[in-house]
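Trainee: After the structure tokens below, expect a handful of questions from me.
The values are calculated or read from the model by the stated rules, or taken from the named source; none is laboratory data. Everything numeric in this text was worked out from a predicted model, so none of it was measured. Here the Cβ positions follow ideal geometry from the backbone for every residue, glycine too, while neighbour counts run over all protein chains shown. Note: areas computed on protein heavy atoms with side chains; ligands, DNA, RNA excluded. Shrake-Rupley method; radii C 1.70, N 1.55, O 1.52, S 1.80 Å.
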Amino acid sequence: MPKAKTPAGRSIVRQDAILRQALRPIVCRTHLPAHLMNRYAFLLIAAMLLVGSNVGIGKSIVAFVPVPVFASLRFVIAVAVLWPLYRWSKMRRVTRGEWTNLFLQAFFGTFLFTLLMLNGVQRTSAVAAGVITSTIPAVVALLAWLLLKERPGPRALAAIVLAMAGILIINLAHSHGTGATGESGSLAGNAMIMGAVVCESTYVILSRRLSQTLPAIDICAYTHGFGLLLMLPLGAHALLHFDYSSVPGPTWALLVWYGLSASIFSFWLWMKGIRHVPGALAGVFTAVLPIAAATYGMVFLGERPTLAHGAALACVIAGLILASVQPRGTRSAAPLAVPPAA
């Protein structure tokens, strides 16, 4: 005789079903009326607006909250929202190899990425961080070439060269004291942001195989769970001894928003939109990321981008468009499985 579910158990099942319905696997439906295509394209733009603005929001938060505390709370918020997905009956079906892959994704794509990104924006401008972060698609192609022997085509090669040129321009500008912030630590900050980009690109490559066997929302939940476990040893002391009363109320609101938008909202918007928009077109929308980061930096942080930042941004966006828009009659590139800097 089957065991009856308790009210709490039924509630968890209902919440799990809602999350799965919202974030079910991607099945791209491109034959849509123009007005519907525009609607889903807007979802992709909104996802990139969130990801890009989070670069600047992170810089605003680390001015008041130490990185170990901020990073730990970001994972606590994500795990609390994704908690209905941590069901033993479902988790026991995940194989040992899949758990190993999930741990590696969490180590690179959530744990190291978060530490490097937050420490990086603390030392450089939001404008520079946004431009460097937007090179993720090019770095994914480069790593796939180096590690998986997937030789990129001429357009992808050009995108990689343009992305590297954009990063070089920013670093040369900062080394000559023309950076937007004038901070001596800009080069170190840029290097940390580049490290975060490499970590996120590694996450994307690792997710390719796993996304064929596990739902995307489950991958998101498990990697954030691992991320929290990895972060607690570093953040426990800071969490216990931090003076929480020293943080202004608006900063707490930004921290909660960052945790929700980085882990839940941008993920949902991207996965919802990518199901209906061709992969080639979706890649173009990642160009919104550096624009959103630069806009936040100028409006809320008082940053003043230089000509060098504009040139770097132009290189990166040109590379994104070049790699994403395919000539007529050629096969479209596959979209990213997750939004950049998810």
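Trainee: Could you tell me which residue of segment 233-252 is surrounded by the fewest Cβ atoms within 10 Å (Cβ to Cβ), considering only residues that are over 22 Å from Lys59 (Cβ atoms) and hydrophobic (A, V, I, L, M, F, W, C)?
Mentor: Leu240
Trainee: Also, I was wondering about something else. For segment 227-288, give me every one of the helices (runs of 4 or more DSSP H) that falls completely inside it and has 3 or more residues that are closer than 30 Å to Asn38 by Cβ and aromatic (Phe, Trp, Tyr).
Mentor: 266-274
Trainee: If the requirement is being under 30 Å from Ile170 (Cα atoms), within 18 Å of the chain's Cα centre (by Cα), touching a residue at least 12 places away in the same chain (Cβ under 8 Å) and surrounded by 22 or more Cβ atoms within 10 Å (Cβ to Cβ), which of these qualifies: Leu118, Leu112?
Mentor: Only one candidate passes the filter, namely Leu118.
Trainee: Six or more apart or on different chains, Cβ under 8 Å: which pairs go from a residue in segment 289-304 that's farther than 9 Å from Ser53 by Cα to one that's part of a loop (DSSP other than H, G, I, E, B)? Could you list them?
Mentor: So the pair list comes out as Met298/Arg304; Met298/Pro305; Leu301/Ser125; Glu303/Ser125; Glu303/Ala180; Glu303/Thr181; Arg304/Ala180.
Trainee: Here is a further query. How about segment 51-72: which of its residues are of a type in the set (A, V, I, L, M, F, W, C) and either out of contact with any Gly (no Cβ under 7 Å at 6 or more places or on another chain) or outside any helix (DSSP H, G or I) (or both)?
Mentor: Scanning segment 51-72 gives Val51, Ile57, Ile61, Val62, Ala63, Phe64, Val65, Val67, Phe70.
Trainee: Given (1) within 30 Å of Leu172 (Cα to Cα); (2) buried (at least 17 other Cβ atoms within 10 Å of the Cβ), where does Ile321 come up short, assuming only one miss?
Mentor: Every condition holds for Ile321 apart from (2).
Trainee: When segment 44-102 is examined, which residues are found to be touching a Pro at 6+ places or on another chain (Cβ under 8 Å) and β-branched (Val, Ile, Thr)?
Mentor: Val51
Trainee: For Thr213, are the conditions met, namely being open to solvent by 20 Å² or more (accessible area, probe 1.4 Å), assigned to a loop (DSSP other than H, G, I, E, B) and either more than 23 Å from Thr286 (Cα to Cα) or in contact with a helix residue (DSSP H, G or I) (Cβ under 7 Å, 6 or more places away or on another chain) (or both)?
Mentor: Yes.
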